[in-house]
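Asker: Take this structure first; my questions come after.
The values are calculated or read from the model by the stated rules, or taken from the named source; none is laboratory data. For clarity, every value in this text was computed on a predicted model and none was experimentally measured. Side chains included, ligands, DNA and RNA excluded: accessible areas come from the protein's heavy atoms. Shrake-Rupley method; radii C 1.70, N 1.55, O 1.52, S 1.80 Å.
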Amino acid sequence: MRAPEKSADLVAYIDGGARGNPGPAGAGVYLEIDGIPWRGLYRYLERQTNNYAEYTSLIVALEYALEHGFRGIAVLSDSELLVKQVRGEYKVKNPNLQVLHAAAARLISGFQKFSIRHIPRQQNRRADALANKAQDLRVDGEVALET
């Protein structure tokens, strides 16, 4: 796929999971540009909780978008807790998550346009598969996606 235009609409489907909670954890990010699949990212997190993995997937998406020059991003997550915490609707009480929440807030401030929305789990299968790939392979990775 050709290099994306930075004015294009970047959509990040994010997911994280931990087997055992806590347990071997992974973060997955599925990126689309103007509705076209672009990149898949996955990160192995060793022993962490589900919520830690969810936040890490958000941070991975935000960092990647900023590193590639995007000024706007729409994030879609099946974690209602994460979405409501990022929106400020719920407090972040866990000290480990407070650190990640603050890091995400700093990254979000680097965008001209940001939105985050909760979606049903069945609409997030591609990001879930990437998070599972990280847990299965126990490595980090990036894949170009076919249209």
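Asker: Only Cα pairs under 8 Å and at least 6 apart count here; give the relative contact order of the chain as a rounded whole percent.
Answerer: Reported as a whole number, the value is 34 percent.
Asker: Of the heavy-atom accessible surface of region 6-94 (probe 1.4 angstrom), what whole percent is carbon and sulfur?
Answerer: Answer for region 6-94 is 44 percent, counting heavy atoms of protein chains only.
Asker: Quick one: pull the percent of accessible area on region 101-147 belonging to carbon and sulfur, 1.4 Å probe, ligands and nucleic acids left out.
Answerer: It is 48 percent, rounded to a whole number.
Asker: With every protein chain present, what accessible area does Ile33 have (1.4 Å probe, heavy atoms only), rounded to the nearest 10 Å²?
Answerer: Answer for Ile33: close to 10 Å² accessible.
Asker: Ok, one more. If Ser77, Ser109 are ordered by their accessible area, calculated over protein heavy atoms with a 1.4 Å probe, which sequence runs from highest to lowest?
Answerer: Output order, biggest surface exposure first: Ser109, Ser77.
Asker: Asp128: accessible area at probe 1.4 Å, nearest 10 Å²?
Answerer: Rounded to the nearest 10, that gives 60 Å².
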